[in-house]
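All remarks here apply to the structure that follows.
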């Protein structure tokens with residue numbers, strides 16, 4: 001399934017919106033590694049991502065403490081530096097508390 005299987009709210013969403021440069025060197029490998037690494041953080045709940053000209057990745061977390069742990073993870077910090085140097089023209093990160101969610105499936 002393409003949608004994250006999140007628990008009953010409340011939980012947190014980290015919304016990462018970006019516009020990429022033309023430099024793709026190591027990007028896909030790093031993105032795959034970051035997803036695998038995020039999945040090891042206690043409190044990680046899932047992720048959804050889409051990219052055209054504008055990319056949006058939303059990761060879901062059980063707590064602000066889990067988000068902080070992810071933000072401070074050593075490999076993630078190195079990837080952030082590479083992102084600013086090579087992969088992104090610009091980006092914005094937002095953190096939101098999810099208070100309600102509902103679904104439709106066929």
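The values are calculated or read from the model by the stated rules, or taken from the named source; none is laboratory data. Just so it is clear, the model here is predicted, and its values are computed rather than measured. Methodologically, a virtual Cβ is constructed for each residue, glycine included, from the backbone with ideal geometry; neighbour enumeration extends over all protein chains shown.
Taking residue 39 as meeting all but one of (1) under 22 Å from residue 12 (Cβ atoms); (2) loosely packed, with under 13 Cβ neighbours inside 10 Å; (3) touching a residue at least 12 places away in the same chain (Cβ under 8 Å), write down the number of the exception.
(3)
Here are some residues: 89, 82. Which one is farther than 23 Å from residue 2 by Cβ, part of a strand (DSSP E or B) and either in contact with a helix residue (DSSP H, G or I) (Cβ under 9 Å, 6 or more places away or on another chain) or in contact (Cβ under 8 Å) with a residue 40 or more places away in the chain (or both)? Please lay out each step first, then the result.
Details: 82 fails: part of a strand (DSSP E or B).
Criteria check complete, one pass: 89.
Does region 53-62 contain at least one residue that is closer than 21 Å to residue 12 by Cα and either at pLDDT below 95 or in contact with a helix residue (DSSP H, G or I) (Cβ under 7 Å, 6 or more places away or on another chain) (or both)? Walk me through how you get there before you give the answer.
As a first pass, look at region 53-62 and keep what is closer than 21 Å to residue 12 by Cα: 55-62.
Of the ones still in play, those that are also either at pLDDT below 95 or in contact with a helix residue (DSSP H, G or I) (Cβ under 7 Å, 6 or more places away or on another chain) (or both) are 59, 61.
Yes: one or more hits.
Taking region 7-30 as the region of interest, how many residues are assigned to a helix (DSSP H, G or I) and buried (at least 17 other Cβ atoms within 10 Å of the Cβ)?
Looking only at region 7-30, we keep the residues that are assigned to a helix (DSSP H, G or I), and these are 27-30.
Next cut, buried (at least 17 other Cβ atoms within 10 Å of the Cβ) only: 27, 30.
Number satisfying all stated conditions: 2.
For region 92-102, which positions are exposed (fewer than 12 other Cβ atoms within 10 Å of the Cβ) and either touching a residue at least 12 places away in the same chain (Cβ under 8 Å) or under 13 Å from the mean Cα position of the chain (by Cα) (or both)?
Let us first name the residues in region 92-102 that are exposed (fewer than 12 other Cβ atoms within 10 Å of the Cβ), namely 92, 94, 96-97, 99-100, 102.
Result: 92, 94, 96, 97, 99, 100.
Among the residues of region 42-63, is there at least one that is surrounded by 14 or more Cβ atoms within 10 Å (Cβ to Cβ), in contact (Cβ under 8 Å) with a residue 24 or more places away in the chain, on the phi < 0 side of the Ramachandran plot and assigned to a helix (DSSP H, G or I)?
no
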